[in-house]
Amino acid sequence: MRGLNWSDVTPKAQWLNRRQVMAGAAAGLIATPAAAKIEAAKSRYSTDATPNTFSEITTYNNFYEFGLDKGDPARNARLLTTDPWSVQIGGLVDRPGTYDLADILKDAPLEERIYRFRCVEAWSMVIPWIGFELGHLLAKVGVQPGAKYVAFETLVRPEEMPGQMTRSLDWPYREGLRLDEAMHPLTILATGLYGEPMPNQNGAPIRLVVPWKYGFKSIKSIVSIRLTDTQPQTTWNMQNPREYGFYSNVNPTVDHPRWSQASERRVGAGIFAGREDTLMFNGYDEVASLYAGMDLSKDY
Ligand SMILES: Nc1nc2c(c(=O)[nH]1)N[C@H]1C(S)=C(S)[C@@H](COP(=O)(O)O)O[C@H]1N2
Ligand SMILES: [Mo]
């Protein structure tokens, strides 16, 4: 007998996947797909830019655990088991432990956050995430005074993640934030998008979203969160420190060694649409004070 999983104790709308919703609707089991939408409050942090389509957001992905091509994650992530799911929370916290996802979601104030999303490869999207502030979870586990950074890790399960059979990256995928970045209200743990549970290719069942940083900081399918007193190792910085810094704030004045970061291509905009200017901090100016006194061309 297995114990209760997070989907057993989470309101159905929070975990039903799109396929189940569509199948259920077709079979008349669910009145309308809309009935299964996650109820989430609107947020003043949302952009009023027009979101990309569900199809664009779920078929043009970076998720190297499932392959290197943009279409690989949609094809290969279907068989990823996301229930049961637990997250190990440790390091400098008052209440370390292995938390079932249901416990993490129990009192999480879900909001819709429509964010601009800028990949370091110079493409961008607008994505209507569903999630809650990382600061809410950190408050729940109790951050100890010596903590200065938060380190994250993605699941390692090569049987279900074919990219992990290769050495395209040094697994697990790792990311990190300074504690004040992690506590900023723009920083969320996302569990869905377009009112539906997170599609596997977008980092089910729970992933980070930090909208003022290049997309690779927004680590997917998280199984470990550790509070540390030293700057954690991060995947792309380990891979190529000259090209990818720890901070990786979106910055149109600091070019990637191999391409310009001054402009970006909005995915789905069509071949006649021009490139858009990239904005400092991806337009999220309210984070500028976090970096007061730093030279962002050196601390990139
Ligand atoms: N575990 C993991 N997280 C990851 C990645 C990855 O390869 N593995 N790719 C990153 C990159 S480069 C980007 S641009 C975003 C893409 O997120 P999306 O596919 O949901 O748009 O996920 C980030 N998080
Ligand atoms: Mo990216």
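When L186, L177 are checked against the criterion of being closer than 22 Å to A108 by Cα and crowded, with 23+ Cβ neighbours inside 10 Å, L177 stands alone in meeting it. Against the criterion of being within 16 Å of ligand 1 (Cβ to nearest atom), more than 26 Å from K140 (Cβ to Cβ) and under 20 Å from the mean Cα position of the chain (by Cα), N240 does not qualify.
Would you check if there is a residue in region 95-104 being assigned to a helix (DSSP H, G or I), in contact with a strand residue (DSSP E or B) (Cβ under 7 Å, 6 or more places away or on another chain) and not polar (S, T, N, Q)? So far as region 95-104 goes, yes, one or more of its residues are assigned to a helix (DSSP H, G or I), in contact with a strand residue (DSSP E or B) (Cβ under 7 Å, 6 or more places away or on another chain) and not polar (S, T, N, Q). Cβ-Cβ distance below 6 Å, separation of 6 or more or different chains: which pairs start in region 52-75 with a residue that is within 15 Å of ligand 2 (Cβ to nearest atom) and end on one that is part of a helix (DSSP H, G or I) and among the aromatic types (F, W, Y)? These pairs meet every condition: D72/F66; P73/F66. Among the residues of region 70-86, those identified as touching a helix residue (DSSP H, G or I) at 6+ places or on another chain (Cβ under 6 Å) and either modelled with pLDDT under 95 or not in a loop (DSSP other than H, G, I, E, B) (or both) are D72, P73, A74, N76, A77.
Considering every residue within region 154-171, establish whether at least one is surrounded by fewer than 23 Cβ atoms within 10 Å (Cβ to Cβ) and under 23 Å from S46 (Cβ atoms). Looking through region 154-171, none of the residues is surrounded by fewer than 23 Cβ atoms within 10 Å (Cβ to Cβ) and under 23 Å from S46 (Cβ atoms). Scan region 130-145 for residues that are over 21 Å from A41 (Cα atoms) and surrounded by fewer than 17 Cβ atoms within 10 Å (Cβ to Cβ) and jot them down. G142, Q144, P145, listed by residue number. Test I89 against the criterion of being touching a strand residue (DSSP E or B) at 6+ places or on another chain (Cβ under 8 Å), modelled with pLDDT of 85 or more, under 27 Å from Y173 (Cα atoms) and not basic (K, R), and give yes or no. For I89, the condition - touching a strand residue (DSSP E or B) at 6+ places or on another chain (Cβ under 8 Å), modelled with pLDDT of 85 or more, under 27 Å from Y173 (Cα atoms) and not basic (K, R) - is met. With respect to the conditions (1) of a type in the set (F, W, Y); (2) within 15 Å of E181 (Cβ to Cβ); (3) touching a residue at least 60 places away in the same chain (Cβ under 8 Å); (4) assigned to a loop (DSSP other than H, G, I, E, B), Y300 lacks only one, and its number is (3). Checked against (1) without any contact (Cβ under 8 Å) to a residue 60 or more places away in the chain; (2) charged (D, E, K, R); (3) more than 18 Å from L68 (Cβ to Cβ), R226 passes all but a single condition, namely (1).
Of everything in region 171-194 that is in a strand (DSSP E or B) and over 17 Å from V223 (Cα atoms), the residue that is nearest to the chain's Cα centre (by Cα) is L193.
Residues are listed down the side, and each one gets a yes or a no for (1) modelled with pLDDT of 95 or more; (2) of a type in the set (G, A, S); (3) surrounded by fewer than 18 Cβ atoms within 10 Å (Cβ to Cβ):
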{"position": "K12", "(1), (2), (3)": "no, no, yes"}
{"position": "L16", "(1), (2), (3)": "no, no, no"}
{"position": "M22", "(1), (2), (3)": "no, no, yes"}
{"position": "D94", "(1), (2), (3)": "yes, no, yes"}
{"position": "L101", "(1), (2), (3)": "yes, no, no"}
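Within region 195-232, the set of residues being more than 16 Å from ligand 2 (Cβ to nearest atom) and not in a strand (DSSP E or B) comprises G195, M198, P199, N200, A204, P205, I206, D229, T230, Q231, P232.
Out of G245, G270, G274, G293, one residue alone is in contact with a helix residue (DSSP H, G or I) (Cβ under 7 Å, 6 or more places away or on another chain) and either free of Cβ contacts under 8 Å to residues at least 12 places away in the same chain or under 23 Å from R174 (Cα atoms) (or both). It is G245.
The values are calculated or read from the model by the stated rules, or taken from the named source; none is laboratory data. For clarity, every value in this text was computed on a predicted model and none was experimentally measured. Please note: Cβ atoms are built from the backbone with ideal geometry, for glycine as well, and neighbour counts cover all protein chains shown.
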